[in-house]
């Protein structure tokens, strides 16, 4: 196993009664979800069903209005303090929040690589500046990670000199370099040509086989079937149905799930 | 026809020789030739009048160009510009970050600063700073509303040069703040999200992720400002500070050689601006890393490749230029 996987600790994610509204638009209306360590959860659902917002709430890129998210029993974004016989939640200071975020790896639909840094510098930046690790050690590991996503020879290339699929693979290496407990993927292949989708999904499937805890928002039903331990179907801000892929994909119990699958399959 | 054997039939000529053996005749541009000739004549007229009109007094220009007091004036102009630019952009960056802060007070103060310093004419600000000693005879350093540890005479701290630096620098900061803010706003929001999701500390996000990308938008406008400053420093002649323009005006006041002395100043300002423009080119090239797939060639590389293209047009067969 590679260094990145050795650093991975259990990553049990609990999402409990999460509500989120943007203005008057209710995007999440009470979502419950548990992700067990070492499993792959694929979140499916039509556009606007709240999948991305749920994912962004897990690592606190979005602050939820109600409910909570916990990683290995530790609240995300808040900490508990006793107060007059009961308890209160204190918002984490930015510094602590940023440190907590390093336990999640996030892969964006639009890659969001730093365009003025080379592939290698993109991967090295956060472990050095956020985790205070030694640059020489991180660089060696970064080269290894780039090799693992098939880009050992492109370490010195700038993002715009890479294809979309290559950029997304660098982004995955960048997320892995933090040795996160959980990897979150927000439609990682939606911005890619059909030809390039396979190379990115291949990398994600390799990670799944290594036992990395992952939550993947995607429209790739085939990927869900191959890699998911659990499939979650969302609609209108709620989890409609969840279970093993063969159950949710082949024998859905809800009308809404059936209608969606009939359209995408 | 063997070379065309693999092409589809529609591309091959119906009869006669294949296309790649035919000579290509470049298109004619008669309008371009007329315009070029007209501009060439105008240019010759300008040069001719510059050379033949004795009232330009080029000998006087030559004699004073590197005269000691002029060179000292140039040096003062450079100092004023560089110190003011550094002060202006340092303070401007702070103001821009304040304006983008979540604290309403910081935002309001930054907005108010820009409002005041952009509203009052520079010449008025300079005279105000020069007369600061009238408002405050001494400047105290200590705890706010508490005891003072040190006290200095205002006049000894803010002399002519100090007033010029303060006036130009604080005025420049108001404009620089907007330039830096525009640069920061031009950086994609996804960059901040990526940095936040990686847990990169806030200050590092600003210095390593946001500002380097903002520089691409900042540099052209910022250099505009620096060039403006080089010439704008001439306004401090109201303080009788010996920069380039004041020195020149003192000399022509004494010798009555007004025009040649103005030409001397003009030549120096052109030289300074040229130097800044060349530096700009390379700074922009530096910040273009990653923004373009291949960096544009430097002027030297371009001259060399154009020469090569012209030469090959005359000697080599057509295939070489394609």
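The values are calculated or read from the model by the stated rules, or taken from the named source; none is laboratory data. Everything quoted here is computed from the prediction, not taken from an experiment. Note that we place each Cβ from the backbone using ideal geometry, even for glycine, and neighbour counts take in every protein chain shown.
Do you know which of the residues in the stretch A:102-116 that are part of a loop (DSSP other than H, G, I, E, B) and facing chain B (nearest Cβ under 7 Å) is modelled with the lowest pLDDT? Within the stretch A:102-116, the match that is modelled with the lowest pLDDT is A:102. Can you name every residue in the stretch A:156-175 that is assigned to a loop (DSSP other than H, G, I, E, B) and within 11 Å of another protein chain (Cβ to nearest Cβ)? Residues satisfying the conditions are A:157, A:158, A:162.
Matching residues to (1) touching a helix residue (DSSP H, G or I) at 6+ places or on another chain (Cβ under 8 Å); (2) within 20 Å of residue B:95 (Cα to Cα); (3) part of a helix (DSSP H, G or I):
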position	(1), (2), (3)
B:196	yes, no, yes
B:205	yes, yes, yes
B:227	yes, no, yes
B:241	yes, no, no
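Give the residue that is farthest from residue B:128 (Cα to Cα), with candidates limited to residues of the stretch B:253-285 that are over 25 Å from the mean Cα position of the chain (by Cα) and surrounded by 19 or more Cβ atoms within 10 Å (Cβ to Cβ). Restricting to residues being over 25 Å from the mean Cα position of the chain (by Cα) and surrounded by 19 or more Cβ atoms within 10 Å (Cβ to Cβ), the top hit is B:260. Against the conditions (1) closer than 25 Å to residue A:153 by Cα; (2) buried (at least 21 other Cβ atoms within 10 Å of the Cβ), residue A:206 satisfies every one except (2).
Count of the stretch B:30-71 residues, restricted to those that are within 15 Å of residue B:262 (Cα to Cα) and in a helix (DSSP H, G or I), is 14.
Screening the stretch A:31-78 for residues that are within 14 Å of chain B (Cβ to nearest Cβ) and part of a loop (DSSP other than H, G, I, E, B) and picking the one that is nearest to residue A:185 (Cα to Cα) gives A:59.
For the stretch A:193-206, the set of residues classified as modelled with pLDDT of 90 or more and not in a helix (DSSP H, G or I) is empty.
Look at residue A:99 and say whether it is within 14 Å of chain B (Cβ to nearest Cβ), surrounded by fewer than 19 Cβ atoms within 10 Å (Cβ to Cβ), without any contact (Cβ under 8 Å) to a residue 40 or more places away in the chain and not in a loop (DSSP other than H, G, I, E, B). Quick ask: steps written out before the conclusion?
Values: within 14 Å of chain B (Cβ to nearest Cβ): yes; surrounded by fewer than 19 Cβ atoms within 10 Å (Cβ to Cβ): yes; without any contact (Cβ under 8 Å) to a residue 40 or more places away in the chain: yes; not in a loop (DSSP other than H, G, I, E, B): yes.
In short, yes.
Being more than 30 Å from residue A:124 (Cα to Cα) and either more than 10 Å from chain A (Cβ to nearest Cβ) or over 20 Å from the mean Cα position of the chain (by Cα) (or both) is a property that residue B:162 has.
I'd like the full set of residues that are under 18 Å from residue A:102 (Cβ atoms), within 13 Å of another protein chain (Cβ to nearest Cβ) and not in a helix (DSSP H, G or I), limited to the stretch A:117-142. A:130, A:131, A:132, A:133 - these are the residues of the stretch A:117-142 that are under 18 Å from residue A:102 (Cβ atoms), within 13 Å of another protein chain (Cβ to nearest Cβ) and not in a helix (DSSP H, G or I).
So is residue B:181 within 23 Å of the chain's Cα centre (by Cα), in contact (Cβ under 8 Å) with a residue 60 or more places away in the chain and under 30 Å from residue A:99 (Cβ atoms) or not?
Taking the combined requirement at face value, the residue satisfies it.
Among the residues of the stretch B:253-290, those identified as outside any helix (DSSP H, G or I) and free of Cβ contacts under 8 Å to residues at least 24 places away in the same chain are B:256, B:289, B:290. Against the criterion of being assigned to a helix (DSSP H, G or I), more than 18 Å from residue B:182 (Cα to Cα) and touching a residue at least 12 places away in the same chain (Cβ under 8 Å), residue B:74 qualifies. When residue B:217 is tested against (1) within 14 Å of chain A (Cβ to nearest Cβ); (2) free of Cβ contacts under 8 Å to residues at least 12 places away in the same chain, exactly one condition is not met: (2).
State yes or no: is residue B:247 away from chain A (no Cβ under 14 Å), outside any loop (DSSP other than H, G, I, E, B) and under 24 Å from residue B:223 (Cα atoms)?
Values: away from chain A (no Cβ under 14 Å): yes; outside any loop (DSSP other than H, G, I, E, B): yes; under 24 Å from residue B:223 (Cα atoms): no.
No, not satisfied.
For residue A:93, the conditions (1) modelled with pLDDT under 90; (2) at positive phi are fulfilled apart from (2). The number of residues in the stretch A:207-249 being in contact with a helix residue (DSSP H, G or I) (Cβ under 8 Å, 6 or more places away or on another chain), outside any strand (DSSP E or B) and under 20 Å from residue A:29 (Cα atoms) comes to 0.
Give the residues of the stretch B:185-194 that are assigned to a helix (DSSP H, G or I) and either more than 9 Å from every other protein chain (Cβ to nearest Cβ) or over 28 Å from the mean Cα position of the chain (by Cα) (or both), sorted by residue number. Before the answer, list the steps.
Step one: list which residues in the stretch B:185-194 are assigned to a helix (DSSP H, G or I), which gives B:185, B:189-194.
Once the filter is applied, which keeps residues that are assigned to a helix (DSSP H, G or I) and either more than 9 Å from every other protein chain (Cβ to nearest Cβ) or over 28 Å from the mean Cα position of the chain (by Cα) (or both), the stretch B:185-194 yields B:185, B:189, B:190, B:192, B:193, B:194.
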